[in-house]
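Data first, discussion second: the structure below is written as structure tokens.
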Amino acid sequence: MTRLRRLARLSGAAALLAAAALAAPVVALAQDETVTALPITKFMSADVGQRVQGLIWRGGLELQSPVDTFGGLSGIGFTGPDNRLVMVSDQGNFISGQLIYDEQMRPLSLVGVRSDPILNSKGAALPRAFARDAESLTVIERDGVPAAVRVGFENLTRVADFELVDAIPDGPAREINIPDWLSRARTNETLEAVCVAPAASPIAGSTLLLPEGITDDTGAHSAYLLGRADKGPLSYVSGNGTNPTDCAFLPNGDLLVLERGISLIVFTMRLKRIPAADVQPGARMEGEELLYATGGDIDNMEGVAVHEAPDGTQRITIISDNNFNDWERNLLLEFSLPE
């Protein structure tokens, strides 16, 4: 074989390898994140431990990172011991870490942070932005232990489960059947809130699906319960100027709904509580307002979760989505209910 023919064959082989590489699926890899947590000690002029409307302010963090995959935090759930948590990003990533408290039980830092791509049902990274828009996350327990997370997506509207391995979502998506009227809605105002009812709830184990921008003839938000015994439509009445953006159940079965609004560039947040008995098929949920805030104390608040802090108090943790904009922040704010 002449040198020229050998070079030609080598060039051809290189071209074939390059083409194969382009055709192959993208390998999804975890990535460690560097996150700086700046403590927030005041909220609406209240110090930590003081009452703010219907809640007790417990402190917060502003989370910053030079890594461009950190941000867009739209849903949160606590998935393991020692306050390990997982958040979803609207760019199609799971962001996991451990929330650390100081001696006064105020949020101090977020450590061990890593980013993992959300995978599709074939185990590959989500291929395009339309499919990556994860907006909500709720934890599924088995025998009282977190075992999986259930994630809601908008744009390509769907719900999928991911198994937990060492408190981190792992493996391919397992898609959950949802009503056709919801899966056919393909906008960025569809499935903002997904939450699973706890054991003490009258609808234990059922999943509440609560869209942001799908309403009935009365203006109430069309919702749906997925469950064996408790399945069917219901509705939710939001506050003036705000729409639901996430939900979480308290251990006793009462439902918390986080609402968000924006006027010009000023964000508004509302948190409401619905009694457990009012969360059932056919219900029209409205509830009571626990907190209303606007201005610089908050940002684009999109995710809410309930968990137990190291001192045994039940905490309500609310996070914001900075939309990867310089003028928005990733906030983590914690509250508790008065005793």
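The values are calculated or read from the model by the stated rules, or taken from the named source; none is laboratory data. Remember, it's a predicted structure, so these values are computed and weren't measured experimentally. Glycine also receives a Cβ, built like all others from the backbone with ideal geometry; neighbour counts cover every protein chain displayed. Only protein heavy atoms, including side chains, enter the accessible area calculation; ligands, DNA and RNA are left aside. Shrake-Rupley method; radii C 1.70, N 1.55, O 1.52, S 1.80 Å.
Subtracting the Cα-Cα distance of residue 326 and residue 121 from 0.36 nm times their residue separation leaves 70.4 nm of extension gain.
Between helix 3-23 and the chain there is an angle of about 20 degrees, using the helix long axis and the longest principal axis of the Cα atoms.
For segment 169-220, rounded, prolate or oblate, judged on the Cα gyration tensor with a ≥ b ≥ c (square roots of eigenvalues), a/c < 1.5 rounded, else prolate if a/b > b/c? Walk me through the numbers on the way to the answer.
Details: a/c = 2.31, a/b = 1.22, b/c = 1.90.
Here segment 169-220 falls in the oblate category.
Percent of Cα pairs in segment 248-339 per distance bin of 10 Å, from zero to the largest separation: 15, 44, 30, 10, 0. Between 235, 45, 206, the residue with the greatest mean-square fluctuation in the GNM of the chain (Cα pairs under 10 Å linked by springs) is 45. If Lys and Arg each add +1 and Asp and Glu each add -1, what is the summed charge of the other residues whose beta carbon sits under 9 Å from the beta carbon of residue 272? Within the 9 Å Cβ shell, the charges total -2. Taking a sphere under 15 Å around the Cβ of residue 282 and counting the other residues whose Cβ falls inside, with K and R at +1 and D and E at -1, yields a net charge of -2. Distance from the alpha carbon centroid of segment 90-113 to that of segment 241-295 works out to 24 angstrom. Sorting 216, 32, 311, 299 by accessible area puts them as 32, 311, 216, 299; the probe is 1.4 Å, largest comes first, and only protein heavy atoms count. Amide H to amide H distances under 5 Å link residue 330 with 63, where only residues 5 or more positions off or on other chains count and H is placed in the peptide plane. Under Stokes-Einstein, with the Kirkwood radius over Cα pairs as Rh, the value for segment 29-107 at 37 °C and 0.692 mPa s is 232 µm²/s.
If you add up the charges near residue 97, with Lys and Arg at +1 and Asp and Glu at -1, over every other residue whose beta carbon is less than 14 angstrom from its beta carbon, what do you get? The partial results should precede the final answer.
On the way: positive: 84, 114; negative: 32, 33, 82, 116, 166.
It works out to a net charge of -3.
For segment 114-163, the fraction of C-alpha pairs farther apart than 16 angstrom is 43 percent. Compactness check for the chain: Cα Rg over 2.2 N^0.38 Å is 1.07.
Here the Karplus relation 6.51 cos²θ - 1.76 cosθ + 1.60, evaluated at θ = phi - 60°, turns the backbone of segment 81-94 into coupling constants of x, 6, 6, 7, 9, 9, 10, 10, 10, 6, 9, x, 10, 8 Hz, with x for every Gly and Pro.
Checking the a/c ratio against 1.5 first, then a/b against b/c, what shape does the Cα gyration tensor give for segment 156-283? Here segment 156-283 falls in the rounded category.
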